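Asker: Have a look at this one.
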Amino acid sequence: MFQSARLKLTAWYLLIIMLVSSTFSLAFYRASTNEIQRVIDRIHFLQQQSSQLQIPTPPNTVITLDELQEVKTRLQISLIVVNGIIFVLAGGAGYFLAGRTLRPIQVMVDEQNQFISDASHELRTPIATLRAEMEATLLEKHLGDREARDLIESNLEELGKLQELANSLLELAHVHKKSEDFNDTVVLSEAINAAYKKVAQMAKKKHIIFEISSMDSKIKGNRQSLTEVFVNLFDNAIKYSHAKTNVSVFSKTKKNAVIVTITDQGIGIAADDLIHIFDRFYRADKSRSQADGHGIGLSIAKKIITTHNGSIDVESKLKEGTTFTITLPLVS
């Protein structure tokens, strides 16, 4: 599809360029030939006058009519050659520019198609589980209260996963839009503390201690979105950490930016998976995939940080832990 669109766009580029070039060439040729024709007419007139008055014309002192006709022909050929060169160069340049113009659209469509494919896959799993459980229950001749309760609880669990995925997809779609409400002054420590409150019960169940040392740095952005980033990172730290371990959250300023590091003592991430860790729906090796989630939280976090003109990086070693580093510009 894009190759066809690229060729069509190239053809339009070429048509416009050649129309301009041909129009200019034709105007130049007409002006030049008119001047040549006037000289030819003048020479022809003088030759007639000379023959009538019987005045000999000195040889090699004037341009002959044949020479002027030859100049006119050479001019015509030169313009044709020049337009041919323009046609070839414009075709190549137009094809290149068409590719550059369409590349962002192609990337966007490819991402959209990949997003639809991945989302469909993630939605299919809980839906298939729901259907299988219901069909298996229908085959039971005698369904007791206990079995019905277990079925409802299992279905509610799967519906919860569906709702969580739907919320994540909506959040991802939201941050992909150009937000105009990312201009509030946000105190970073407030966003971090708000995020911790949301995951405090999860951390308590695994006896994970959060060591938070955050500065009251001020940045331009949206507090709710930044809180969502830290919730995702804290949630991952808890999920992939062993019980009775620590998670440290530390911030410092450097030049005109604030740097926040979140370090856990979890299972870590393999080097081959690190380059994909921010891809949508990507989950690392089996040990990490066994945890709840759809592999979309880090993609949302990266998009939010990028929208805030910041950056997020990750370092990890298997069986030692993971460190996420967020850099955000301070309020100037």
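The values are calculated or read from the model by the stated rules, or taken from the named source; none is laboratory data. Owing to the predicted nature of the structure, the values given are computational and were not obtained by experimental measurement. With ideal geometry, Cβ positions are generated from the backbone for all residues, glycine too; neighbour counts draw on all protein chains shown. Surface accessibility is based on the protein's heavy atoms, side chains included, excluding ligands, DNA and RNA. Shrake-Rupley method; radii C 1.70, N 1.55, O 1.52, S 1.80 Å.
Asker: Determine whether A195 is modelled with pLDDT of 80 or more, touching a Leu at 6+ places or on another chain (Cβ under 6 Å), small (G, A, S) and within 25 Å of Y240 (Cα to Cα).
Answerer: no
Asker: Can you tell me which residue within segment 308-332, out of those that are charged (D, E, K, R) and part of a strand (DSSP E or B), is modelled with the lowest pLDDT?
Answerer: K317
Asker: Quick check, is L79 modelled with pLDDT of 75 or more, open to solvent by less than 90 Å² (accessible area, probe 1.4 Å) and over 49 Å from the mean Cα position of the chain (by Cα)?
Answerer: On the way: modelled with pLDDT of 75 or more: yes; open to solvent by less than 90 Å² (accessible area, probe 1.4 Å): yes; over 49 Å from the mean Cα position of the chain (by Cα): no.
So L79 fails the test.
Asker: Related question: Quick one: is D181 charged (D, E, K, R), surrounded by fewer than 11 Cβ atoms within 10 Å (Cβ to Cβ) and either modelled with pLDDT under 75 or in a helix (DSSP H, G or I) (or both)?
Answerer: So D181 fits the description; yes.
Asker: Has segment 196-213 got any residue that is surrounded by fewer than 22 Cβ atoms within 10 Å (Cβ to Cβ) and within 28 Å of the chain's Cα centre (by Cα)?
Answerer: No, segment 196-213 contains no residue that is surrounded by fewer than 22 Cβ atoms within 10 Å (Cβ to Cβ) and within 28 Å of the chain's Cα centre (by Cα).
Asker: Mind checking whether some residue in segment 226-234 is part of a strand (DSSP E or B) and within 18 Å of T306 (Cβ to Cβ)? Walk me through it before giving the result.
Answerer: Filtering segment 226-234 for residues part of a strand (DSSP E or B) gives none.
For segment 226-234, residues part of a strand (DSSP E or B) and within 18 Å of T306 (Cβ to Cβ): absent.
Asker: When you scan segment 260-292, how many residues do you find that are open to solvent by 20 Å² or more (accessible area, probe 1.4 Å), modelled with pLDDT under 65 and in a loop (DSSP other than H, G, I, E, B)?
Answerer: Looking only at that region, the number is 5.
Asker: Please work out which one of (1) surrounded by 17 or more Cβ atoms within 10 Å (Cβ to Cβ); (2) assigned to a loop (DSSP other than H, G, I, E, B) is the condition K244 fails and give its number.
Answerer: (1)
Asker: Counting only residues that are without any contact (Cβ under 8 Å) to a residue 12 or more places away in the chain and either in a strand (DSSP E or B) or of a type in the set (S, T, N, Q) (or both), which one in segment 184-225 is nearest to Q265 (Cα to Cα)?
Answerer: Q201
Okay, residues lined up against (1) open to solvent by less than 60 Å² (accessible area, probe 1.4 Å); (2) modelled with pLDDT under 75; (3) out of contact with any helix residue (DSSP H, G or I) (no Cβ under 8 Å at 6 or more places or on another chain); (4) closer than 30 Å to F2 by Cβ:
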position: I17; (1), (2), (3), (4): no, no, no, yes
position: P58; (1), (2), (3), (4): no, yes, yes, no
position: T61; (1), (2), (3), (4): no, yes, yes, no
position: L65; (1), (2), (3), (4): yes, yes, no, no
position: Q69; (1), (2), (3), (4): no, yes, no, no
position: L75; (1), (2), (3), (4): yes, no, no, no
position: I86; (1), (2), (3), (4): yes, no, no, yes
position: G91; (1), (2), (3), (4): yes, no, no, yes
position: R100; (1), (2), (3), (4): no, no, yes, yes
